[in-house]
Every structure is written in C-alpha cells, then in structure tokens.
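Here the structure is laid out as structure tokens; the discussion comes afterwards.
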Amino acid sequence: MVKVIDSHYLAITAIVTVGYQFIFFVITALFKFDQVTDFAGSTNFVILAVLTLLLKGTWHYRQIVLTVLVVVWGLRLGLFLLMRILQWGEDRRFDDMRENIGKLVVFWIFQAVWVWTVSLPVTFVNASNGGRLFQPADVIGWTMWVAGFLIEATADQQKLSFKKCPENKGKWCDVGVWKYSRHPNYFGEMLLWWGLYVASLPVLKGLEYLVIIGPVFLTLLLLFVSGIPLLEESADKKYGNLGAYRHYKKTTSPLILLPRGVYGYLPIWCKSVFLFEFPLYSRNLPQETTAWDRRNSKKSQRSID
C-alpha cells in the first residue's frame, strides 16, 4: 500500500506544480511571451525535487544524490532552452495558440501533468526514509543517468553550434552524435529518466512500483506525441525531396545511437520492432519518384500534348 505520508507528498507536489505552471500560463496568455515555456517546465522538476527533499529532511544519501541529479539536469536544460529561444525569438509551437486560449490552456495543463508524472520516482524516494543501504540498482541507475545526461547535453550543444554556422542554413544536422541518431537528445532524456527510476527501486514496494508510469509517460510522449513525430514531420516537409536527406533517414537510427553501417543494412521489420522506426515517422515523406516513374510521366505528357 502507498503510505499516508506519500499521499501528502503527492498532493503537495501536485498543488505546487499546478500553481507554478499557472503563473507562467498567465504570463504567456496576457503578454504573448512564450519564451519561458520550456524554462517553466524544466525548473518545475528542480522545485519538486528540492521541495520534497527539504520537507522530509531525512537526508539519506539516495535522496541527496537523486535530487542533485534532477537539479543538474533541470537547470542545464532550462537555461539552455531559455537562452536558445531568446536568441531565436518566438517559439513556433505557439503560432496557432497565441490567439486561441483553449489550445493554450490544454498545452499548460499537459505540461503540468508531464512534470508531476515524470517526477514521481524522485518524489517517492524523497518522501521515504531513504530505503535500504547501497544497492546495485543505485550504480546502474546513476550510470544510466550520467550516460543519458552526457548524450543529451552533447546533442543539444552540437546542434546549436551547427545551426549558428551560416554555411549550414537550410541543412539538417548530421554531425557528432547526430550521425548515429536522428534524435539523440531525446534518447539521452529517456535514458536518464529511466536511470532515475532504476535508482529509486531500492525504496519502492508494493503499489509504489507503479511510479514507473513516470518514465513510461515520458517515453510515450516523445515517441508518439510532441517529440519525434513533430520533428520528423517538419524535416520531411523541408527536405523530403532531397536524395541526400532520404539516404540520411534510411541509414540513421531514429532514436538509439547506432553506426549507419549497421543500421542501414538492417531489415525493416527489425528496425520497427527493436529500434522504434515506426511508419508514423515517414507519413509526411514525399513518395520517392523512380526513373521509371519519370519516364512514364514524360510519355504521358507527350501523348497529352
């Protein structure tokens, strides 16, 4: 059974999350200032982790470590995204929301649910007495977090540097870790949050294992909703008629980092089942025109003329 004290922490974190996101929603709605959106989401994780650590006051090493990991991730990502959007100007995701209060409300509610749900493993750890002594799950979870954090931070910085270079204007990023994954930043983010869940296992028991909905929710969100599908759609519309881009897409893993020489030769069923290459990611890719199609098109045109 979930302990009573945990229920209190769930309520407190929910109230804080709703209140924090509501403040930024008001700023966005009244002043049309949407540059703070990602900052609001990332820093909310930091607030929940620090708040639950302070409220419990147990100061078990497991609680301190996981809180520090969330703080490092949240501040790094929040400040990075804030500085990036301030350089770029308006957030294009809000182009059809700024004058539609209904869509704006749905977005901010969804962001609040995202923060509260994904934070659940750390919330439960901080609401506990710290759990058993040092466990293998601690090392495995921390290692996953470090790997995910490094991949995400590296991918973000490499793409930012790529976009800043005038010579790369109108090109898709395929340098550094982006040679091995079309979305390495998302892979890193999933990996680090799954790592935090693994590191929380020594504390959990009974129904508390259901906090796995945190990393599961994040994974489903990035795979099927606001992550990869939106970026794939945008890239396909921009570059879908370019042979070089189509080759990049066929030979580069959508998520997990793999050498192109390996991924490019794998059968389609293997890519779909094990490597998340879903048909969803190519539904906006223009149909490839073969030489036979081009010849047929010319013959048809001549007969019409």
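Remark: accessible surface ordering of R84, R62, R132, R246 (largest first) is R132, R84, R246, R62, probe radius 1.4 Å. Here the accessible area of the chain is 69 percent carbon and sulfur, with a 1.4 angstrom probe and all protein chains present. Candidate values [x] 20.1; [y] 16.1; [z] 18.9 were compared with mean projected area of the Cα convex hull in nm² computed on the shown model; the agreeing label is [x]. Packing, taken as the mean count of other beta carbons within 10 Å per residue, orders the peptides 266-277, 164-175, 40-51, 212-223 from highest to lowest as 40-51, 212-223, 266-277, 164-175.
The stretch between N129 and I27, if pulled fully straight at 0.36 nm per residue, gains 32.9 nm over its current Cα-Cα span. Candidate membrane-span-like segments in the chain, meaning DSSP H helices with Cα atoms spread over at least 27 Å of their own axis and a Kyte-Doolittle mean of 0.5 or above, are 4-31, 37-56, 61-88, with no membrane implied. The residue among G170, L220, S272 whose Cα reaches farthest toward the positive pole of the charge dipole of segment 133-304, with charges on the beta-carbon of Lys, Arg, Asp and Glu, is G170. Each of L150 and V225 was given a label point 7 Å from its Cα along the Cα-to-Cβ line. The distance between the two points is 3.1 nm.
Per residue, the accessible area of the chain comes to 52 Å² when a 1.4 Å probe rolls over the protein heavy atoms.
The values are calculated or read from the model by the stated rules, or taken from the named source; none is laboratory data. It should be emphasised that the depicted structure is a prediction, and the values quoted were computed from it without experimental measurement. Ideal geometry is used to build each Cβ from the backbone, glycine not excepted, and the neighbour counts take in all protein chains shown. Only protein heavy atoms, including side chains, enter the accessible area calculation; ligands, DNA and RNA are left aside. Shrake-Rupley method; radii C 1.70, N 1.55, O 1.52, S 1.80 Å.
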